[in-house]
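One structure is given here, and the rest of the page talks about it.
The values are calculated or read from the model by the stated rules, or taken from the named source; none is laboratory data. Nothing here was measured: the structure is a model prediction, and the numbers come from that model. Ideal geometry is used to build each Cβ from the backbone, glycine not excepted, and the neighbour counts take in all protein chains shown. Side chains included, ligands, DNA and RNA excluded: accessible areas come from the protein's heavy atoms. Shrake-Rupley method; radii C 1.70, N 1.55, O 1.52, S 1.80 Å.
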Amino acid sequence: MATSSSAPLRVLTGITPSGTPHLGNYVGSIRHSVRQSVAPGVESFFFLADYHALIKVQEPALIQRSTLEIAASWLACGLDPERVTFYRQSDIVEIPELTWFLTCVTGKGVLNRAHAYKAQLDKNIAKGEDPDADVTAGLFMYPVLMGADILMFNAHKVPVGRDQVQHIEMARDMAQRFNHQYGEHFTLPEAEIDDAVATLPGLDGRKMSKSYGNTIAMFAPRAQLQKQIASIVTDSRAPGEPKDTEGSALFQIYQAFATAEETEALRKAYAEGIGWGDAKQMLFERIDLEVAPLRARYEELMSNPAEIERILLIGAEKARKLSRPFMAELRHAVGLRNLAAGSGKGGARKAKVAKPSFKQYRERDGLFYFKLLDAHGTALLQSRGFASPQEAGRAIAALQQQRGAALATLADQLEPAGPEELRAANEALEALAEATIPTNGS
């Protein structure tokens with residue numbers, strides 16, 4: 001999507017705390033995301049998706065430990081909490097509320113197509129069981145919670161693997177449905193897939209994954225790291241026999257850490273028949289060269305969990321400075337409002353056929369605008385461009401609440417208007433404030 005040159009690109013990344021971080025997490029997400037977080041013009045959000053962990057982990061101690069380990073891993077790898085917004089999902093109380101709002105605009109048919117849900121159904125059917133056996137509402141609703149994670153902070157880009165692209169597409173669908181029903185509030189997110197970021201094979205050659213039990217711990221002690229690398233599955237070719245790099249898990253892992261020159265040297269060594277023991281030693285030394293300094297910082301952080309907790313709580317408050325006012329805007333949009341606001345004095349309420357209104361929209365320049373229209377649809381007030389729909393929404397809210405006073409304080413955010421235009425705009429704002437709620441559901 002287009003963004004204005006002055007507005008930062010918002011990038012959001014999350015990891016579910018369901019186990020100990022491994023080298024696949026490091027290569028496939030953490031390393032790349034930390035590097036991107038220092039890029040100019042990027043506003044980064046990093047979160048620990050502990051609500052998501054509840055879907056598949058019912059061991060409280062494991063979730064707590066994993067949350068600590070993943071937070072320490074990101075910080076050890078150079079994530080700067082001063083520069084980014086780094087928080088724990090469960091500390092942002094607005095996320096569950098937004099999940100419900102999105103639930104109410106998301107079609108069940110969309111969720112029926114979610115890969116994780118369909119995979120469980122297919123598994124049950126293959127076993128001759130009830131299709132919904134072991135399917136919790138949490139598993140079924142997982143895409144909506146993920147949509148809330150993304151849309152709460154109106155992320156432009158979400159780095160994901162190809163197997164996660166569907167969730168970003170679902171978040172876009174939710175945003176479009178909500179925007180159509182209640183006005184423009186959400187940015188439509190885009191998946192960011194970097195083909196240069198490796199998908200690391202595990203010890204058995206399959207994708208490195210906790211579910212396969214084939215991982216190499218990210219910050220294992222040096223001796224344990226060497227032992228794990230020694231257990232990588234290789235073929236039976238002896239020293240002196242040429243070996244193929246294609247399909248070699250060992251070579252692929254090395255390539256994810258090495259420079260182009262180092263990779264080419266190992267490729268040549270394969271062709272010349274390097275022994276598997278020597279190749280594994282090369283891999284161990286290359287990985288340890290990169291992770292040893294990070295390991296020292298990780299161990300220091302793990303010994304001080306109170307410091308990690310402090311960092312996460314500061315990050316949560318930083319995140320909630322955005323989520324609180326945005327949620328207030330969304331509550332107003334869907335009709336969860338103060339019943340006394342704008343009510344008339346005594347007597348029966350009289351329905352009005354037409355009243356002034358705001359129209360909020362986005363232009364081709366990627367900026368967000370609004371107009372104040374009178375009861376006949378004539379524009380009385382025109383805003384200048386805002387970088388996000390939330391900023392435009394906050395300006396509208398200020399005009400609705402403060403009326404004439406806001407016309408003065410927001411002057412630099414509005415197109416110039418003459419005295420007569422400002423008087424008409426003020427009268428429209430007063431009329432809008434006094435507008436009554438129609439009776440009898442009409």
Proximal charge balance of Arg331 [Cβ under 9 Å; K/R count +1, D/E count -1]: -1
Listed peptides 15-23, 93-101 by packing density, highest first (mean Cβ within 10 Å): 15-23, 93-101
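Return the FRET efficiency for the residue pair Ala61, Thr245: r is the Cβ-Cβ distance, R0 is 51 Å, and the value is rounded to the nearest 0.05.
Values: r = 42 Å, r/R0 = 0.82.
Approximately 0.75, to the nearest 0.05.
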Helix axis angle, 419-434 relative to the chain longest principal axis, alpha carbon, degrees: 80
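How do His332, His167 stack up against each other in accessible area, from largest to smallest, with a 1.4 angstrom probe? All intermediate terms of the calculation are to be shown ahead of the outcome.
Working: His332 85, His167 15 Å².
Result, largest first: His332, His167.
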Centre separation in Å (Cα based) which lies between the stretch 164-226 and the stretch 1-78: 10
Within the chain, percent of DSSP bridges classed antiparallel, to nearest 5: 45
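What percent does the relative contact order of the chain come to when contacts are Cα pairs within less than 8 Å and at least six residues apart?
Working: 634 pairs, mean separation 72.1, N = 442.
Value for the chain: 16 percent.
Under Stokes-Einstein, with the Kirkwood radius over Cα pairs standing in for Rh, what whole-number D in µm²/s applies to the stretch 150-217 at 10 °C and 1.306 mPa s? List each step's numbers first, then the result.
Numbers: Rh = 14.0 Å.
Using the Kirkwood radius from Cα pairs, D works out to 114 µm²/s.
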Whether the stretch 104-225 is rounded, prolate or oblate, judged on the alpha carbon gyration tensor where a/c under 1.5 counts as rounded: oblate
Theoretical gain in end-to-end length, Ala328 to Arg162 [0.36 nm per residue, Cα-Cα removed]: 56.3 nm
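Could you look at the chain and say what percent of its accessible area is carbon and sulfur, using a 1.4 Å probe and all protein chains? Could you put the intermediate results ahead of the total?
On the way: 11530 of 22140 Å².
Answer for the chain is 52 percent, counting heavy atoms of protein chains only.
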Ordering of 42-54, 418-430 by packing [mean C-beta count within 10 Å, highest first]: 42-54, 418-430
Estimated FRET transfer efficiency (Ala126, Tyr212; beta-carbon r; R0 22 Å; 0.05): 0.70
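Grab the beta carbon distance between Ala292 and Ala265, set R0 = 25 Å, and tell me the FRET efficiency rounded to 0.05.
Values: r = 21 Å, r/R0 = 0.85.
Approximately 0.75, to the nearest 0.05.
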Crossing angle, helix 389-402 versus the chain [Cα axis fit, 0-90 degrees, rounded to tens]: 30
Label-point separation in nm, Ala137 to Ala119, each point 7 Å along Cα→Cβ: 2.4
Reachable lysines, given that their alpha-carbon falls under 29 Å from the alpha-carbon of Lys210 and they are not under 8 places away in the same chain: Lys56, Lys118, Lys123, Lys127, Lys157, Lys227, Lys243, Lys280
Zero-based 5 Å bins, Cα pair distances in the stretch 224-267, whole percents: 5, 19, 26, 26, 19, 4
The stretch 356-403 - percent relative contact order, Cα under 8 Å, separation 6 or more: 30
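When a/c is below 1.5 the answer is rounded, else prolate if a/b is larger than b/c, else oblate, so apply that to the stretch 34-121 with a ≥ b ≥ c taken from the square roots of the Cα gyration tensor eigenvalues. The partial results should precede the final answer.
Values: a/c = 2.05, a/b = 1.49, b/c = 1.38.
Taking the square roots of the gyration eigenvalues as a ≥ b ≥ c, the stretch 34-121 is prolate.
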Volume of the Cα convex hull of the stretch 232-305, divided per residue and given in Å³: 98
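Tell me the mean residue ellipticity at 222 nm calculated for the chain from its helices only (DSSP H runs of n ≥ 4, each -39500 (n - 2.57), averaged over every residue, nearest 500). Spell out each step's value before the answer.
Numbers: 16 runs with 215 residues, N = 442.
Calculated mean residue ellipticity at 222 nm is -15500 deg cm²/dmol.
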Within the stretch 40-158: Cβ-based charge dipole about Cα centre, in debye rounded to nearest 20 (Lys, Arg +1; Asp, Glu -1): 340
Probe 1.4 Å, protein heavy atoms only - accessible area per residue of the chain in square angstrom: 50
Helix 305-334 vs. the chain, principal-axis angle (Cα, 0 to 90°, nearest 10): 40
